[in-house]
1. Where q = 0.10, 0.15, 0.17, 0.20 Å⁻¹, what log10 of I(q)/I(0) comes from the Debye formula for region 339-466, counting one point per Cα?
2. Quick one: length gained pulling residue 318 to residue 260 fully straight, 0.36 nm per residue minus the C-alpha distance?
3. Amide H neighbours of residue 439 under 5 Å, at least 5 residues apart or on other chains, H built in the peptide plane: list them.
4. What are the trypsin sites (Lys or Arg not before Pro) within region 230-287 that DSSP puts in a loop, where the Cβ has at most 12 other Cβ atoms within 10 Å?
5. Given the peptides 516-526, 349-359, arrange them by the average over their residues of other C-beta atoms within 10 Å, most packed first.
6. Residue by residue through region 157-173, what is 3J(HN,Hα) from phi via Karplus (6.51 cos²θ - 1.76 cosθ + 1.60, θ = phi - 60°)? Round to whole Hz and write x for glycine and proline.
7. Using each residue's phi in region 141-153, evaluate 6.51 cos²θ - 1.76 cosθ + 1.60 at θ = phi - 60° and report the 3J(HN,Hα) Karplus result to the nearest Hz, with x for Gly and Pro.
8. Any chance you could run the full-extension gain for residue 352 through residue 465? It's 0.36 nm times the residue separation minus the Cα-Cα distance, nm to one decimal.
Amino acid sequence: MTIWLYEVLFNTSRQALERAAKGDFIFISPTTYEYEILNDRCDMVILTDEYFFKYQVALPFPVGSPYRAEINQALMKMTEDGQMDALVGTWTAEDAAEIQSGWQKPTETHLLSGRHLRVYTGLSKPFFMKKPSKSGEAGSTPYQGYFVDMLEMLASRLNFTWDITLGSRVRPRIIAAAESKKYDLLLVGMAMRTGYAGWEKVEYSIPIRTRGYFLTMKKSNRHEGQGIFQFMGPFSAEVWLTFVAAVVGVSLVMAANGRLNPYEWSKAAGRGEVSEKEADNLSLVNSLWSTFGAAVCQGQEFLPRSSAGRVIVGAWWFVILVMVASYTANLAAFLSRPSTERSIRSLADLARQTDVPYGTYKKYTLVKFMKNSQEEPFKTIGRYLDQNSDEVLFNTSRQAFERAAKGDFIFISPTTYEYEILNERCDMVILTDEYFFKYEVVFPFPVGSPYRAEINQALMKMTEDGQMDALTNRWFNKKMYKCSTGSTQEGVLDMEQLNGAFYYLMIGMGTSILVFALEWVHFKFKKGRSSDPANRGDRV
């Protein structure tokens, strides 16, 4: 089928939206229409869980706006190596720029072209990691990660080289590295916030990624202690024992009725009303088999002839009807009942529950926010953290993480641990589908860095060209991670719940082989005795 461009490309985005609203058409839409779809167009649905081809939204200012920042700066001429050479003018919020006479604006140059940058960074998964060592590998960088790939893209675009200095990712160390002027680029992701010590000593790049917090805990075994016999969970041990006793009891009563009732198979065969083979239809063994067949809804092989026997069978069938219906209803609820990781999917769910304790690192900005918030659910969570601070607030984030890894504890975690959980800690699960208390991650620069503007322009161009989306897909695609991102899908049962039934089948097959061997030996022994002339009574 041929699709013409004029059928799928529209002159306005509104035309594309209305075409999708008519049906049988998917609109690749900007977030401009998100509110309208979710509030006014309930006949439409958003298909994707996350945005793609992301961009940052900012407030524009008129050039020279006095309200963008309260600053009074000197305008300096820069040398080719990025050093301040001479004063060429001043800039104030009131009078804008005053340029000294005789100075001309130079033509645009690329300061980074041909330069060798000193780059400061720290190890952080998946942003900056050491490559696994491989014998014979040479000529390539020993590092890998999101920031490494981004640095290579920037270098290719701006034509510079670099060398790496590994250091601490702690904020005071990063600020100290910026103040030292030893490094041209700080390849460390920082939260774009103010108020912390030394924040005025660095300048920021444009936002690189949006990060935040999520809830995580150790995966719970909803059926712990039941092992392979989870399928027996809907009934208690007392009910199962009673059921087995009922099978045996009904079989004994049926066998006794079959032996003593004059209208049953045994007596009728003695009178010649039925064949001799049918005389044992309701023997004890056959009665047990028939009762069990009815219990598992496979039908009763041998039915009684007498009215008394039919009353026995009818009563048993009614009990089976109730038992099977109760077991089926309870089994569905038992195997798919909500676990902790299914019932807690947001901060609101966390605030409502009281069964599982939760906490985090005590110096996170999030903790201060929640303790001071008057909005729910932040207020409830903040009050809980304050009242139980000795047990749920930790001196380091790693302590909080390891406490969650032990079980029965929910860690309010930053995205710092996301990669570790999804690749290395398969015993843990991320509860929330989206981040909360989000923040932008940026690169810090030394104040007055001559390279900040050029790198920012390159980052914006990489965003427009889709390179940033490609990097995100390479390093943050959760479908490519080693560990499952959550628990079993709602309503879907896996082998953890049903493997006991298959073990039961294997036990049955093994028992059948053993019984077959016993029957074969018995038959051979019986045949041998019947072929012995002495046993046949033969005389010479």
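1. -0.43, -0.79, -0.92, -1.14
2. Details: separation 58, 0.36 × 58 = 20.88 nm, distance 2.46 nm.
Fully extending the segment from residue 318 to residue 260 adds 18.4 nm.
3. 211, 212
4. Hits after loop and neighbour filter: 271.
5. 349-359, 516-526
6. Here the 3J(HN,Hα) series is 6, 9, 6, 10, 10, 7, 9, 9, 10, 7, x, 7, 9, 5, 4, x, 5 Hz.
7. 5, x, 10, 8, x, 4, 5, 5, 5, 5, 4, 5, 5
8. Result: 36.2 nm gained on full extension.
The values are calculated or read from the model by the stated rules, or taken from the named source; none is laboratory data. On a predicted model such as this, the values are computed, not experimentally measured, just so you know. Virtual Cβ from ideal backbone geometry, glycine too; neighbours counted across all protein chains shown. These accessible areas exclude ligands, DNA and RNA; they are computed on the full protein's heavy atoms, side chains included. Shrake-Rupley method; radii C 1.70, N 1.55, O 1.52, S 1.80 Å.
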